[in-house]
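J.: Following this message is one structure expressed as structure tokens.
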Amino acid sequence: MLRYYSYYSVGGYKDLLLGDSNSHDEATYYLPMLPVLEERGKTDAESRQRAEELQKLPAIKQLTIDNSYDLPSSARYLFSHAGYKLLYRHLEGDKYAIALRDIYPTAKDETGRPIPFLIVIMGDSPADLRTLDTLAAYMANNIATTERAISGMIGMDYDKNGLRFDLRNFNEWIASVVNGNKSNTIATINGGTTIHAFRDQVALLVLPGGIPQETAITEQRLDANAITETVRIDDIVARDNPDQLANTVARLATMLRDERSRNKTLKRGLVLAAICGFLIGIMIASCCSH
């Protein structure tokens, strides 16, 4: 079973369990004003009726010291520390997690500031690994698309006066990603790399721009020798970001020209051929993953 956690600002940032893949609920809710309504309901019939209606809604759970809702303590740095954009790692036992941070929702706080959040998708059985492998590769290849999809499924529900997570849509999105992508390969300027998780390993570390791997190791308390694959976000051939793809091709052309200047026997035509081959490879990989 997959469990979905988030670090989201609703009356301040909180660690939340949004739901899981076994649930058939349409949505889950975090209702911080419900206790106030319940108190009013002791003397007001209308408030009591409204409180009873909200109490029936599937709940988003807030993690506490006493109840982590099955999230291992080894995952706490995913929430509390930075140093990564996307991280896919083993936690303990049969538990593995994908974490994506600095997702910007369409809504802003009451002062007009953006309220970035993170999401953690955790599997707790060997059967979940195929899903997580495919999902991690897709998310890395399509970070912008992934962020838009996720940010559109969580936000304030002003009718319920609380946070709403579209659990059914999220489960359907994961199913569509896994069913529609047969490759676990990430395309980068250095070639393709296939993602598979193993015990005691970090299967994938995607670094934000300007952040060295050493920072991620320190912030996330990682073992450098246990990191299987590290990729800088600017080196990923983003299939859903034309501007980044253009920049990647330009960088590759510069690299090839520099190599040609060092090796006089390399003819100019090879540069164009390499770039064309690179683009064709991207198109083939993209077609195979859909």
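J.: Go through the stretch 225-238 residue by residue and tally those that are outside any helix (DSSP H, G or I), over 15 Å from residue 197 (Cβ atoms) and open to solvent by 70 Å² or more (accessible area, probe 1.4 Å).
T.: Going through the stretch 225-238 one residue at a time, the tally reaches 1.
J.: Among the candidates 164, 199, single out the residue that is in contact with a strand residue (DSSP E or B) (Cβ under 7 Å, 6 or more places away or on another chain), surrounded by 19 or more Cβ atoms within 10 Å (Cβ to Cβ) and of a type in the set (Lys, Arg).
T.: Step by step, each of 164, 199 is checked, and only 164 is in contact with a strand residue (DSSP E or B) (Cβ under 7 Å, 6 or more places away or on another chain), surrounded by 19 or more Cβ atoms within 10 Å (Cβ to Cβ) and of a type in the set (Lys, Arg).
J.: Now for a separate question. Got a sec? Which of 222, 245 is open to solvent by less than 60 Å² (accessible area, probe 1.4 Å), at pLDDT 95 or above and in contact with a Lys or Arg (Cβ under 9 Å, 6 or more places away or on another chain)?
T.: Testing whether each residue is open to solvent by less than 60 Å² (accessible area, probe 1.4 Å), at pLDDT 95 or above and in contact with a Lys or Arg (Cβ under 9 Å, 6 or more places away or on another chain) leaves just 222.
J.: Could you give every pair whose Cβ atoms fall below 9 Å, whose first residue belongs to the stretch 198-227 and is under 19 Å from residue 98 (Cβ atoms), and whose second residue is open to solvent by less than 40 Å² (accessible area, probe 1.4 Å) and of a type in the set (S, T, N, Q), counting only separations of at least 6 or pairs across chains?
T.: From residues that are under 19 Å from residue 98 (Cβ atoms), the pairs are 202/220; 204/193; 205/220; 221/74.
J.: Next question, about the same structure. Could you check how many residues of the stretch 228-242 are under 16 Å from residue 208 (Cα atoms), β-branched (Val, Ile, Thr) and at pLDDT 90 or above?
T.: 4
J.: Looking at 37, 18, 100, can you tell me which residue is more than 17 Å from residue 151 (Cα to Cα) and either touching a strand residue (DSSP E or B) at 6+ places or on another chain (Cβ under 6 Å) or buried (at least 16 other Cβ atoms within 10 Å of the Cβ) (or both)?
T.: Unique residue meeting the criteria: 37.
J.: Only one of 34, 78, 71 is farther than 30 Å from residue 96 by Cα and in contact (Cβ under 8 Å) with a residue 12 or more places away in the chain; which?
T.: 34
J.: Would you pick out the residues in the stretch 1-49 that are touching a helix residue (DSSP H, G or I) at 6+ places or on another chain (Cβ under 6 Å), of a type outside the set (Ser, Thr, Tyr) and modelled with pLDDT under 95?
T.: 34, 37, 38, 40, 41
J.: Among the residues of the stretch 40-63, are any over 24 Å from residue 2 (Cα atoms), open to solvent by 40 Å² or more (accessible area, probe 1.4 Å), among the aliphatic types (A, V, I, L, M) and in contact (Cβ under 8 Å) with a residue 12 or more places away in the chain?
T.: no
J.: So which pairs qualify, if the first residue must be in the stretch 139-160 and under 19 Å from residue 10 (Cα atoms), the second must be surrounded by fewer than 17 Cβ atoms within 10 Å (Cβ to Cβ) and polar (S, T, N, Q), the Cβ gap must be under 6 Å, and the two must be at least 6 apart or on different chains?
T.: From residues that are under 19 Å from residue 10 (Cα atoms), the pairs are 153/169.
J.: Something else: Hey, can you tell me all the residues within the stretch 105-138 that are under 30 Å from residue 53 (Cβ atoms) and without any contact (Cβ under 8 Å) to a residue 60 or more places away in the chain? Walk me through it before giving the result.
T.: At the first step, the residues of the stretch 105-138 found to be under 30 Å from residue 53 (Cβ atoms) are 105-110, 115, 117, 119.
The answer is 105, 106, 107, 108, 110.
The values are calculated or read from the model by the stated rules, or taken from the named source; none is laboratory data. Keep in mind that what you see is a predicted model, and the values were worked out from it rather than measured. When we count neighbours, we look across all protein chains shown, and the Cβ atoms used for this are built from the backbone with ideal geometry, even at glycine. The protein model used for the area step is the full one, side chains on, heavy atoms only, and it has no ligands, DNA or RNA in it. Shrake-Rupley method; radii C 1.70, N 1.55, O 1.52, S 1.80 Å.
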